[in-house]
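The values are calculated or read from the model by the stated rules, or taken from the named source; none is laboratory data. Just so it is clear, the model here is predicted, and its values are computed rather than measured. FYI the Cβ positions are ideal-geometry reconstructions off the backbone, even for glycines, and counts take in every protein chain you see.
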């Protein structure tokens, strides 16, 4: 299923973009459940370093991942622009904490190029591809890879 | 095969439901033997029949066939033509087992080879039928309808049987489209409603008349049911609710020998025809003619004498069936738009309609209350808001309970199958066993029910295999040769209890202990300190087995650790009790559900953590002032002394690596807490010696710090949740203890699965998430075993320290505000608070009415030079018991109990009724001699002792050898021995006493000794006395300040005759007099 989703994603779709550790990244909007700013996060001692904690999202326990740390960049700094991007993965909701949200970008398949081995200090395996816009490069995240334990 | 997911699923569920009770019914039939309970047989018969009925329609040929054969045998039993014996029931049981397996793997069921079962069943049927009928059993006939269509392959035996019973046989043709689908019915429902008025012999869907895609558009899919009933043809139309033209009465003329069978002569053995011709035929996926021919050549090639079908004979029809399915799919798709993927096994649950109604009502009420709440909030009406919040609170609780009930399943679902397990096992092992099951109605959460199945099976097998002896052994032991296993379930204290008790040979604690030692699981020393129960519980240790030979049935002990782990993982407890030769009881306690658990909420830093109530023993709070005294450090671990036992402490913050913070009150920011040791209050420094003992911190340092202490005062106290899980018991140190709450367990995401410290998470009232602690895993994470070792060491250390001085339990109180007193706690009966107005003064003595009698009251100023008590409305009274009589000492609070090292100054402040003084909590405290006090007040109470003393004076004094190292006790005890007329020889330690004894053995009548003494302790002294025949006749009475179990055990071994607590004068003197046969 995930494979299918990815493919349709690359066929020209909407991407929600956001900043994390200075890099501009995007996720196919179809993967996103919601974007919120709940920060009543409960820390989970003994968990992996990139786990920010857990959150009550309307009765479900959602794990929040500090995307900055996960991608090997600087941890997300606390600011009023912080957002949780809640994505759906393997029947579970998982939150990605990002520095700030940017625009929704519409792109054609043709605009997406294969990811190089390294984008701005982030390993290439985390990306499905790179989207070039007039101004910037957007790294399109491979959600399955990012959410691997 | 039928491809409608929903209908198939419904069929499977219903069939499994039918099968659920069959086992116990069959076993009951077996027990009944010749006295056949027709109702019972009917139950089973109907079950088999219903399964068969549905299977025909679904195209589940194998299932249909098996059910059919089972039905035949049951029919014979029902008509009293066959006596069910053990062997026959076994075959039936196996048949039904197979049926269940087939139903559970429905997709492959048609390919399963069941010839073994069919053979066995067929043989039973054949053997009990008269010769001429035998052939009909395997004979199949086709039913030819007026319009030329045929209903193929019906068992002639069946038809004849129903005709003989006087029933009419009908072929009813429903139309799947118009009669069933359009009327929003369901084929299975139609079948079950038909079964109320008669018997379904067979059913099928007539796909042939549907035609092909090329032909006329389809408007009818006939669903044919062959039905036997006592109803007349005229009535049938109304019964079936369809047009008369589709109801055909069947008579003999319409029967013709089955076409496909005609191809190969009726086989002598049933195997072939079962396996071959019928496999594809009644399938609803009835193929086009070329395909239907396919299996026939296969049938013909089979040798007529086959006992097992040739493999290819089975394969071919299977392959053919596969082709058919493909072919028919388009038609089926048109017939039913719901065609979907193959049936997935989905777990579903039966819920009583009443319960659903309750849920609906509650949901309705919840909506109403929500509306009220919204209204209340909008209009800022706090009263209305409060009211509706109360309502919502109530409804939620009810809703929770109702929803929980939907998950509840009677435990009978799993207990019942043990009848079979015990039956089969005991037959294998040649044992006679009765299984009694009680409390089948007890309900448990579905998940728990499913998870206790395996542990219970293991325990039952153990009881059968190892618990119950063989009939011969039992007779030799004078027991009933039939063993008894009782399996009982009941509710108790919000938990479900399951008890498995057998009257077998029981467990031998010593054998278990020896085995555990030889396997290196425990040490000699550990075992020595264990009670029998603890020894038996060693079988729960991993890697333990006492069975001399491990049988294939079960090895007792093998897997007992798994059993206990399984049960504990469900939040349950397993306990063991056994009397060798008498039997074993195993008790399992389980929570009702796993979804909602009562928990203690605690917090560390700003986060809350829930501790499941099942793990919680008690809560402990050590006030700031006592932290230093109560917390000790053993090695690296902190321990606290709790009622004489050392409890290892785990600091939750340390185990989890939580960075401890506190709110700095000056600027309201979080600061890290730098406190390192639990005993370090507010950074106060302790000098720690190499042995780990904490030395007294300097008081001035403390005083300096306290001014600048920025933290809440309460935070300086230690809050401890005393928890236990399995073998672990420890104190969990947290920052705060909150309320106990019922929490809803929520699973955590996959990224947190490896954090074993948590059992899940929950959402608190304020919407924040709290983690639920896994007490057992926490202990493992902290390597608590090392802590346990440390506490062992601490115990040793402790004992050494005890030996150095005497610790006694005292009750402290005051007379006037400035006068502090203490009395031995063991003489105290209780403490009362009475109204001063109720005190009566009679004849110069004060009394108070108490439980119908008069309790004499006195105060210290009556006997010695102390201030009178201040006047108050209420009066605290310490009630002592002396000479079996109670008397109350009026005192001023606070009254407190404590344990102190006795360092008594017996001279400075000595006076009447005061044995000495000591410093307790920085106050000079006088030790009250209750005995002397009473004697001064009521000399007449002691007349008996005076008599004995007088008698001794005449007949010659008795001489006591008294060894005691503490001068205070020596004088104390000596003085009251002398008062009672004894002569005392004193010794300061065991060594001196031993020397004295050697010199003056002829004079000495009895030995009284302290246990803890320098040079030679009481144990060694006693051992010496008892080992030497010159002295062994002497009674030895041991005096001790705190008698522990271990001490008493040790003392008994060396030959101590009696134990007495120091300061209990009355008892000690009585024991001495008794030992010397005085009074």
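For segment B:403-419, how many residues meet the condition of being under 18 Å from the mean Cα position of the chain (by Cα) and not in a helix (DSSP H, G or I)?
Residues flagged as under 18 Å from the mean Cα position of the chain (by Cα) and not in a helix (DSSP H, G or I) within segment B:403-419 amount to 4.
Pick out, from segment B:716-771, the strands (runs of 3 or more DSSP E) lying fully within it that include 3 or more residues that are more than 30 Å from residue A:89 (Cβ to Cβ).
B:718-725, B:728-734, B:736-744
Do we find that residue B:749 is at pLDDT 75 or above, on the phi > 0 side of the Ramachandran plot and within 12 Å of chain A (Cβ to nearest Cβ) in this structure?
no
Select from segment B:483-510 the residues that are under 23 Å from residue B:464 (Cβ atoms), in contact with a strand residue (DSSP E or B) (Cβ under 6 Å, 6 or more places away or on another chain) and surrounded by fewer than 20 Cβ atoms within 10 Å (Cβ to Cβ) and list them in ascending order.
B:484, B:486, B:488, B:490, B:497, B:499, B:506
Taking segment A:17-42 on its own, how many of its residues are at the interface with another protein chain (Cβ under 7 Å from one of its Cβ atoms) and surrounded by fewer than 19 Cβ atoms within 10 Å (Cβ to Cβ)?
Of the residues in that region, 1 qualify.
Quickly run through segment B:80-97 and pick out the residues that are more than 19 Å from residue B:419 (Cβ to Cβ) and either surrounded by 15 or more Cβ atoms within 10 Å (Cβ to Cβ) or under 35 Å from the mean Cα position of the chain (by Cα) (or both). Before you say what the answer is, go through the steps one by one.
At the first step, the residues of segment B:80-97 found to be more than 19 Å from residue B:419 (Cβ to Cβ) are B:80-83.
B:82 - this is the single residue of segment B:80-97 that is more than 19 Å from residue B:419 (Cβ to Cβ) and either surrounded by 15 or more Cβ atoms within 10 Å (Cβ to Cβ) or under 35 Å from the mean Cα position of the chain (by Cα) (or both).
So for segment B:685-704 (the condition being modelled with pLDDT of 85 or more, in contact with a helix residue (DSSP H, G or I) (Cβ under 9 Å, 6 or more places away or on another chain) and on the phi < 0 side of the Ramachandran plot), does at least one residue qualify? Before you say what the answer is, go through the steps one by one.
As a first pass, look at segment B:685-704 and keep what is modelled with pLDDT of 85 or more: none.
No, because not a single residue in segment B:685-704 is modelled with pLDDT of 85 or more, in contact with a helix residue (DSSP H, G or I) (Cβ under 9 Å, 6 or more places away or on another chain) and on the phi < 0 side of the Ramachandran plot.
Across segment B:625-661, what is the number of residues that are surrounded by fewer than 19 Cβ atoms within 10 Å (Cβ to Cβ), out of contact with any strand residue (DSSP E or B) (no Cβ under 8 Å at 6 or more places or on another chain) and either within 14 Å of chain A (Cβ to nearest Cβ) or part of a helix (DSSP H, G or I) (or both)?
5
Could you please give the count of residues in segment A:43-71 that are free of Cβ contacts under 8 Å to residues at least 60 places away in the same chain, within 14 Å of residue A:98 (Cβ to Cβ) and at the interface with another protein chain (Cβ under 9 Å from one of its Cβ atoms)?
Here the count works out to 1.
Exactly one of these conditions fails for residue A:88: (1) part of a strand (DSSP E or B); (2) surrounded by fewer than 19 Cβ atoms within 10 Å (Cβ to Cβ); (3) more than 14 Å from chain B (Cβ to nearest Cβ). Give me its number.
So the condition that residue A:88 fails would be (3).
Per-residue answers, yes or no, for (1) out of contact with any helix residue (DSSP H, G or I) (no Cβ under 6 Å at 6 or more places or on another chain); (2) more than 15 Å from residue A:19 (Cα to Cα); (3) assigned to a loop (DSSP other than H, G, I, E, B):
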site	(1), (2), (3)
A:47	no, yes, yes
A:54	yes, yes, no
A:64	yes, yes, no
A:78	yes, no, yes
A:104	yes, no, no
A:131	no, no, no
A:134	yes, yes, yes
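Output the number of the condition that residue A:115 fails; it satisfies all remaining conditions of (1) touching a residue at least 60 places away in the same chain (Cβ under 8 Å); (2) more than 23 Å from residue B:751 (Cβ to Cβ); (3) not in a strand (DSSP E or B).
So the condition that residue A:115 fails would be (1).
Can you tell me which of B:435, B:456 is assigned to a helix (DSSP H, G or I) and either modelled with pLDDT of 85 or more or not assigned by TED's automatic domain parsing to the domain that holds residue B:498 (or both)?
On the way: B:435 fails: assigned to a helix (DSSP H, G or I).
Being assigned to a helix (DSSP H, G or I) and either modelled with pLDDT of 85 or more or not assigned by TED's automatic domain parsing to the domain that holds residue B:498 (or both) holds for just one of B:435, B:456, which is B:456.
Only helices (runs of 4 or more DSSP H) wholly contained in segment B:964-1079 count here; list those with 3 or more residues that are closer than 28 Å to residue B:930 by Cβ and in contact (Cβ under 8 Å) with a residue 24 or more places away in the chain. Show your work before the answer.
Values: elements: B:967-979, B:990-1000, B:1018-1027, B:1045-1054, B:1065-1075.
Helices (runs of 4 or more DSSP H) meeting the threshold: B:967-979, B:1065-1075.
Restricted to segment A:136-149, and to residues that are touching a helix residue (DSSP H, G or I) at 6+ places or on another chain (Cβ under 9 Å) and assigned to a strand (DSSP E or B), which residue is nearest to residue A:23 (Cα to Cα)?
In this case the residue turns out to be A:139.
Any idea which residue in segment B:798-824 is farthest from the chain's Cα centre (by Cα), counting only those that are at pLDDT below 60 and either outside any loop (DSSP other than H, G, I, E, B) or at positive phi (or both)?
Among those residues, the one meeting the criterion is B:804.
So which helices (runs of 4 or more DSSP H) stay within segment B:511-613 end to end and still have 1 or more residues that are within 14 Å of another protein chain (Cβ to nearest Cβ), surrounded by 19 or more Cβ atoms within 10 Å (Cβ to Cβ) and at pLDDT below 80?
Passing ranges: none, list empty.
From the list B:860, B:825, pick out the single residue that is within 30 Å of residue B:1062 (Cβ to Cβ) and surrounded by fewer than 19 Cβ atoms within 10 Å (Cβ to Cβ). It would help to see each step written out before you state the result.
Numbers: B:860 fails: surrounded by fewer than 19 Cβ atoms within 10 Å (Cβ to Cβ).
Of the residues listed, the single one that is within 30 Å of residue B:1062 (Cβ to Cβ) and surrounded by fewer than 19 Cβ atoms within 10 Å (Cβ to Cβ) is B:825.
Filter segment A:91-110 for residues that are farther than 16 Å from residue A:28 by Cβ, touching a strand residue (DSSP E or B) at 6+ places or on another chain (Cβ under 6 Å) and within 12 Å of chain B (Cβ to nearest Cβ) and give the result.
A:93, A:95
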